[in-house]
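Below: one structure, written as structure tokens.
The values are calculated or read from the model by the stated rules, or taken from the named source; none is laboratory data. All values reported here derive from a predicted model rather than from experimental measurement. Methodologically, a virtual Cβ is constructed for each residue, glycine included, from the backbone with ideal geometry; neighbour enumeration extends over all protein chains shown.
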Protein chains: 2
Amino acid sequence: MKYCNQCGGTVELRIPAGDSRERFVCVTCEVIHYQNPKMVAGCVANYQGKILLCKRAIEPRSGYWTIPAGFMENEESLPQAAARECMEEALASVEIQSLLAVVSLPYAHQVHIMFRAHLAEPIFGVGEESLEVGLYDPDDIPWADLAFPSVEYALRQYLADQAAGVQNVHITDIDRPAWRKSTII
Amino acid sequence: MKYCNQCGGTVELRIPAGDSRERFVCVTCEVIHYQNPKMVAGCVANYQGKILLCKRAIEPRSGYWTIPAGFMENEESLPQAAARECMEEALASVEIQSLLAVVSLPYAHQVHIMFRAHLAEPIFGVGEESLEVGLYDPDDIPWADLAFPSVEYALRQYLADQAAGVQNVHITDIDRPAWRKSTII
């Protein structure tokens, strides 16, 4: 950030009065530009025991597999965001069910929130941000080619809960994965 | 938002190619300025059956009561954010325990995530953003003077779970409260 989005003045990094962290502050109008983590909402969508997966067509991690998930928008709820992302990436209309996982990723300035979802009919397609979309038997999940550690976490917790006949909520923190070498978000 | 924080050019609201929503886009450098919901992390902190509450010293809702809670910062996890806010607002060092509530507030462009927490000793104080801080018996919670609907939701779910001897995770959406007349976030 170099300029104030309110007045166009230049910003500098400084600790505002009463604060303990450096913020971008406008040297002209004094507005403080806070920067906060973003939320990603997604779902493990199940159709008759098979799980909906998408191969990503965009960076980061183009060519790797994910559950439908993406940045939450203003003026929607978390379940709405998860269902919208499933429609955008997999052209699939799902019913969002229970909360599955809440994953903090401090290095990425993100929190990923994943739900269980029900796909009533095997109707789906390849959204603009996907290269392929399919329903996968749990034994055929491409574990070595998953896009993000939060996706692996959500899928593993989902399957473990299913095997145990429970539906728990799982919360964890995940450190920077090896492929994420840059400190730039 | 009037100016691009990257190049200082003016921004305009338009739907970028491949998108479906209006975004602030810089007319000079074409950078898209996405705006996403913010997360608030908080906790219901318990010391021998009493709950830590703070009377707010800042707007919005100055003079009303809340559990310790505030905006999550970059490079921290949700439990770290909840513990930090408890230290800042109530000068109390808590152990964050289980996830209690995940509340979407679409009107406010926020998601509030509340935890159960344990206060080992009755050591607390009045942080800079608080007017009063105290430990309250559940019968003495000032229900009519709570600052935010998510605070009431978290407290009611906490007490109901405690009465039932369970620790569930509660997820809900909350509409704009009556006192929030402005559409400005």
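Does residue B:56 qualify as being on the phi > 0 side of the Ramachandran plot and in contact (Cβ under 8 Å) with a residue 12 or more places away in the chain? So residue B:56 fails the test.
Of all the residues in the range B:96-136, those that are within 8 Å of another protein chain (Cβ to nearest Cβ) and part of a loop (DSSP other than H, G, I, E, B) number 2.
Each residue in the range B:66-95 was checked for being surrounded by fewer than 20 Cβ atoms within 10 Å (Cβ to Cβ), part of a strand (DSSP E or B) and under 15 Å from the mean Cα position of the chain (by Cα), and 2 pass. Within the range A:137-180, the residues that satisfy the criterion of being in a helix (DSSP H, G or I) and within 14 Å of the chain's Cα centre (by Cα) are A:149, A:150, A:151, A:152, A:153, A:154, A:155.
Taken residue by residue, the range A:1-17 has no member that is out of contact with any Asp or Glu (no Cβ under 7 Å at 6 or more places or on another chain), buried (at least 19 other Cβ atoms within 10 Å of the Cβ), among the hydrophobic types (A, V, I, L, M, F, W, C) and away from chain B (no Cβ under 13 Å). Apart from one condition, residue B:60 fits all of (1) more than 27 Å from residue A:88 (Cα to Cα); (2) at pLDDT 95 or above; (3) surrounded by fewer than 21 Cβ atoms within 10 Å (Cβ to Cβ); the exception is (2). Annotation note: of A:129, A:152, the sole residue that is free of Cβ contacts under 8 Å to residues at least 12 places away in the same chain and closer than 30 Å to residue B:73 by Cβ is A:152.
So which residues in the range A:59-72 are in contact with a Lys or Arg (Cβ under 7 Å, 6 or more places away or on another chain) and either within 14 Å of chain B (Cβ to nearest Cβ) or polar (S, T, N, Q) (or both)?
Within the range A:59-72, A:62, A:66, A:71 meet the criteria.
Across the range B:25-58, the number of residues qualifying as more than 14 Å from chain A (Cβ to nearest Cβ) and either charged (D, E, K, R) or closer than 30 Å to residue B:10 by Cβ (or both) comes to 4. Only a single item in (1) in contact with a strand residue (DSSP E or B) (Cβ under 7 Å, 6 or more places away or on another chain); (2) at positive phi; (3) of a type in the set (Asp, Glu) is not met by residue B:22, and it is number (2).
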